[in-house]
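The values are calculated or read from the model by the stated rules, or taken from the named source; none is laboratory data. The model shown is predicted, which means the values in this text are computed figures rather than measured ones. Glycine also receives a Cβ, built like all others from the backbone with ideal geometry; neighbour counts cover every protein chain displayed. Please note that ligands, DNA and RNA were not included when accessible areas were found on the heavy atoms of the full protein model with its side chains. Shrake-Rupley method; radii C 1.70, N 1.55, O 1.52, S 1.80 Å.
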Amino acid sequence: MIFRGWIATLVATTISGTIAAPSLAPRNDYLQRVLDNIGPNGKQVPGASAGVIIASPSTQDPDYFFTWTRDAALTMKMLVDEFLHGNAGLRSYLQAYVKSQAILQTVSNPSGALSSGRGLGEPKFYANLTRYNGAWGRPQRDGPALRATALITYANWLLNTRTNANLKEVKEQVWPVVKNDLAYVGEFWNSTGFDLWEEVSGSSFFATAAQHRALVEGAALAKRLGQNCAACESQAPNVLCFLQTYWNGKYVVANINTGVQRSGVDANTLLGSIATFDPAATCSDTLFQPCSARALSNLKTYVDAFRTLYTINSKTPKTSPVATGRYAEDIYYNGNPWYLTTLAVAEQLYLAIQTWSTVNVIEINALSLPFWKDVYPAAKIGTISKRSNGKNFNKLLDAVLDYADGFVAVVHQYTPASGALSEQFDRNTGAPLSARDLTWSYAAYITALSARRSATSNYPQVPSWNAPKVPKIPSTCSASSAKGTYVPATGAGAPPGQGGCTVLIAFNLNATTYYGENIYLTGNVTELGNWRTSDSIPGDAGGYTSERPLWKFEVELPENEVVGYGYLRLEDDGEWLKETANRTVSVPKCGASETVTVQDAWVGPTGIPS
Ligand code: NOJ
Ligand code: NOJ
């Protein structure tokens, strides 16, 4: 009865034992709601394949009936942690996930294929584990790292049990999937991609932090298995070095190496700190641990960005908990608070309390003082240790606990009586908005409340990921990369015969188009949608100028094949116009050349705006 305890905990416990103001009783049915969104038996997601975690049952406005690698991995990490906390019934979900991901890794997609690694960066797939060809912010490079972390946590449990069956499971099933993801991280951590909100191409703190963690714990797992992850060891220090460049002295800038003009204050950074929490680490600034001065200053900056932004926050006193969203400039559904981002504030602070309670000392410095003043107005710069100043130490922790609980209370306030958590709630009315029953919202609630339990009782903490005790950073950051090798995890259920070698083909098409008209690529192979217009590949007009009306496509095609292809125009009224040319491209054998570039010009009817 894991969930029953929360009710008592949230209402009654504070660190020094006084009774906090009662807030709404936490929901005890959220784990079931997560399981309801997982195939093949989840009652909200008929048609989803086994082990597939659907983002939301919503099929329109928005259509989230897909599996996102990120959402699924974060949810799986929660399930693994709950499993470690004694919920043995979850094991079958963990095993089904491993198999589903082994299959998914081999599904070639618009980001690429497994053989080059690039396909692992694809953000989302259909519920039946097939590729999604529509235009999207791809690749997204956090997915493989997060998946590795969820699976490594499970792998370490399997190893700890030391039974033959479990050793076999980790060696033959879990590790081969993890190995591909680690290879991906080692090869592509330094390449730009889309952020977790799928909008900004560049480098994202959340992704880099997750990548660093995956490489560090990947190296440790490899050792335990008598294997080695050379890429993990060679790349991790450079990733940590790079991670430092997101810090601007006051807060973590969420996206760098991007042309997008934003403040960079973004829930991205709190989520990154949470995802890389290590209960055995101290309040390390270098590692952006939840209790570090950097992460606290960042948290304050982030929360303050929403105080006057949303009408529902307008009556809240200046230093009290409020509803928070992705980032202030957000316009998705007009820009609203999200449940999972508001919960992230609470979770970061619960995790911070865990560490302070372990190290028994709180350091307040100039950087963290503004945060402390919000939660405890009398706070001053100094070192407050439990041994020599136990009363103040407890007062500070109680104040943080109270503040964190306030963010959970905000979530409760805007949760409808049914308990359902959608993606967002309205900035003016507080009413639920966007995708209903968002799996990630429920997972975020569960991880936040578990973090609270571990902060306030002897409920076990999540396992350490071997974060470096004294993090060492190379004196100059090196923009390196380790070439990966990628093999289908057949022992875990990847279909045999998949994962064959592919070659990247760049198609450059000159085609003059009017505003609102788009060009697609189609052809006689799965990668090009088998001549089905609905599965054709959207072109990129980013390089289109009046001198050169360029439409670009990059596709990985199976080696050593002659592939038929052609282009399509999609008119602004939805009509498709086909080329009249018959085109073929000879895909060379792998290794013959890195990329093949095809130069074409449109042959066929041209459209007119409707
Ligand atoms: C869908 C993405 O998932 C979301 O994050 C984004 O804000 C919208 N598209 C708008 O681009
Ligand atoms: C939009 C969010 O921005 C993105 O982070 C998420 O992966 C998808 N929705 C699916 O939930």
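Determine whether segment 70-88 contains at least one residue that is outside any helix (DSSP H, G or I) and in contact with a strand residue (DSSP E or B) (Cβ under 9 Å, 6 or more places away or on another chain).
First, pick out the residues of segment 70-88 that are outside any helix (DSSP H, G or I): 85-87.
After this cut, where a residue has to be in contact with a strand residue (DSSP E or B) (Cβ under 9 Å, 6 or more places away or on another chain) as well, the list is none.
No, there is no match, as no residue in segment 70-88 is outside any helix (DSSP H, G or I) and in contact with a strand residue (DSSP E or B) (Cβ under 9 Å, 6 or more places away or on another chain).
Kindly indicate whether any position in segment 439-461 is surrounded by fewer than 18 Cβ atoms within 10 Å (Cβ to Cβ) and farther than 30 Å from Asp398 by Cα. Give the derivation first.
As a first pass, look at segment 439-461 and keep what is surrounded by fewer than 18 Cβ atoms within 10 Å (Cβ to Cβ): 457-460.
Filter once more, so that each one left must be farther than 30 Å from Asp398 by Cα: none.
Within segment 439-461, none of the residues are surrounded by fewer than 18 Cβ atoms within 10 Å (Cβ to Cβ) and farther than 30 Å from Asp398 by Cα.
Of these, Tyr515, Tyr520, which one is more than 16 Å from ligand 1 (Cβ to nearest atom), aromatic (Phe, Trp, Tyr) and out of contact with any Gly (no Cβ under 7 Å at 6 or more places or on another chain)?
On the way: Tyr520 fails: out of contact with any Gly (no Cβ under 7 Å at 6 or more places or on another chain).
One residue alone meets the criteria, Tyr515.
Being over 30 Å from Asp29 (Cα atoms), buried (at least 19 other Cβ atoms within 10 Å of the Cβ) and in contact (Cβ under 8 Å) with a residue 24 or more places away in the chain narrows it down to one residue among Val375, Val411; which is it? Can you show your working first?
On the way: Val411 fails: over 30 Å from Asp29 (Cα atoms).
Among Val375, Val411, only Val375 is over 30 Å from Asp29 (Cα atoms), buried (at least 19 other Cβ atoms within 10 Å of the Cβ) and in contact (Cβ under 8 Å) with a residue 24 or more places away in the chain.
Can you tell me which residue among Ser422, Ser441 is outside any helix (DSSP H, G or I) and in contact (Cβ under 8 Å) with a residue 24 or more places away in the chain?
Only one candidate qualifies: Ser422.
Can we say Thr513 is modelled with pLDDT under 95, more than 26 Å from the chain's Cα centre (by Cα) and among the β-branched types (Val, Ile, Thr)? It would help to see each step written out before you state the result.
Working: modelled with pLDDT under 95: no; more than 26 Å from the chain's Cα centre (by Cα): yes; among the β-branched types (Val, Ile, Thr): yes.
When the stated conditions are applied, Thr513 does not pass them.
Are any residues in segment 30-68 of a type in the set (Ser, Thr, Tyr), open to solvent by less than 10 Å² (accessible area, probe 1.4 Å) and either part of a helix (DSSP H, G or I) or more than 14 Å from ligand 2 (Cβ to nearest atom) (or both), and if so, which ones? Let's see the steps before the verdict.
Initially, segment 30-68 is screened for residues of a type in the set (Ser, Thr, Tyr), giving 30, 49, 56, 58-59, 64, 67.
Those left that are additionally open to solvent by less than 10 Å² (accessible area, probe 1.4 Å): 30, 56, 67.
Hit for segment 30-68 is Tyr30, nothing else.
Looking at segment 329-358 only, could you name the residues that are open to solvent by 40 Å² or more (accessible area, probe 1.4 Å), more than 12 Å from ligand 2 (Cβ to nearest atom) and over 19 Å from Leu287 (Cβ atoms)? I'd like the intermediate steps shown before the answer.
Taking segment 329-358 first, the residues open to solvent by 40 Å² or more (accessible area, probe 1.4 Å) are 329, 331-334, 357-358.
When the remaining residues are screened for being more than 12 Å from ligand 2 (Cβ to nearest atom), the result is 329, 331, 334, 357-358.
Once the filter is applied, which keeps residues that are open to solvent by 40 Å² or more (accessible area, probe 1.4 Å), more than 12 Å from ligand 2 (Cβ to nearest atom) and over 19 Å from Leu287 (Cβ atoms), segment 329-358 yields Glu329, Ile331, Asn334.
What pairs come out if I take residues in segment 56-82 that are at positive phi and pair them with residues that are modelled with pLDDT of 95 or more and outside any loop (DSSP other than H, G, I, E, B) whose C-beta lies under 7 Å away, six or more apart or interchain?
No pair meets every condition.
So which residues in segment 117-156 are among the small types (Gly, Ala, Ser) and under 13 Å from Trp465 (Cβ atoms), if there are any at all? Walk me through how you get there before you give the answer.
As a first pass, look at segment 117-156 and keep what is among the small types (Gly, Ala, Ser): 117, 119, 121, 127, 134-135, 137, 143, 145, 148, 150, 155.
Ala145, Ala148, Ala150, Ala155, listed by residue number.
Per-residue answers, yes or no, for (1) at pLDDT 95 or above; (2) touching a Leu at 6+ places or on another chain (Cβ under 8 Å):
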{"site": "Trp465", "(1), (2)": "yes, no"}
{"site": "Pro471", "(1), (2)": "no, yes"}
{"site": "Ala489", "(1), (2)": "yes, no"}
{"site": "Phe507", "(1), (2)": "yes, yes"}
{"site": "Leu521", "(1), (2)": "yes, yes"}
{"site": "Ser534", "(1), (2)": "no, no"}
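Hey, any hits in segment 491-505 for a residue that's without any contact (Cβ under 8 Å) to a residue 24 or more places away in the chain and either assigned by TED's automatic domain parsing to the domain that holds Leu568 or open to solvent by 20 Å² or more (accessible area, probe 1.4 Å) (or both)?
Going through segment 491-505, the residues without any contact (Cβ under 8 Å) to a residue 24 or more places away in the chain turn out to be 496-497.
So of that shortlist, the ones also either assigned by TED's automatic domain parsing to the domain that holds Leu568 or open to solvent by 20 Å² or more (accessible area, probe 1.4 Å) (or both) come out as 496-497.
Yes, the conditions are met somewhere in segment 491-505.
Please verify whether segment 251-260 includes one or more residues that are assigned to a helix (DSSP H, G or I) and within 16 Å of ligand 1 (Cβ to nearest atom). Reasoning before the result, please.
The first filter runs over segment 251-260 and keeps only residues assigned to a helix (DSSP H, G or I), leaving none.
Among the residues of segment 251-260, not one is assigned to a helix (DSSP H, G or I) and within 16 Å of ligand 1 (Cβ to nearest atom), which makes the answer no.
Could you tell me whether Pro321 is modelled with pLDDT of 95 or more, more than 26 Å from Asn466 (Cβ to Cβ) and either crowded, with 19+ Cβ neighbours inside 10 Å or within 16 Å of ligand 2 (Cβ to nearest atom) (or both)? Quick ask: steps written out before the conclusion?
Numbers: modelled with pLDDT of 95 or more: yes; more than 26 Å from Asn466 (Cβ to Cβ): yes; either crowded, with 19+ Cβ neighbours inside 10 Å or within 16 Å of ligand 2 (Cβ to nearest atom) (or both): yes.
Yes, satisfied.
Please indicate, with yes or no, whether at least one residue in segment 72-92 is more than 19 Å from Pro139 (Cα to Cα), open to solvent by 10 Å² or more (accessible area, probe 1.4 Å) and among the acidic types (Asp, Glu).
yes
Going through Val322, Val345 one at a time, which residue ends up being part of a loop (DSSP other than H, G, I, E, B) and outside the structural domain of Gln140 (by TED's automatic domain parsing)? Step through it out loud before you land on a result.
Values: Val345 fails: part of a loop (DSSP other than H, G, I, E, B).
One residue alone meets the criteria, Val322.
Can you tell me which residues in segment 589-610 are more than 18 Å from Tyr567 (Cβ to Cβ) and surrounded by 14 or more Cβ atoms within 10 Å (Cβ to Cβ)?
In the first step, residues of segment 589-610 are kept if they are more than 18 Å from Tyr567 (Cβ to Cβ); the result is 589-595, 609-610.
Cys590 - this is the single residue of segment 589-610 that is more than 18 Å from Tyr567 (Cβ to Cβ) and surrounded by 14 or more Cβ atoms within 10 Å (Cβ to Cβ).
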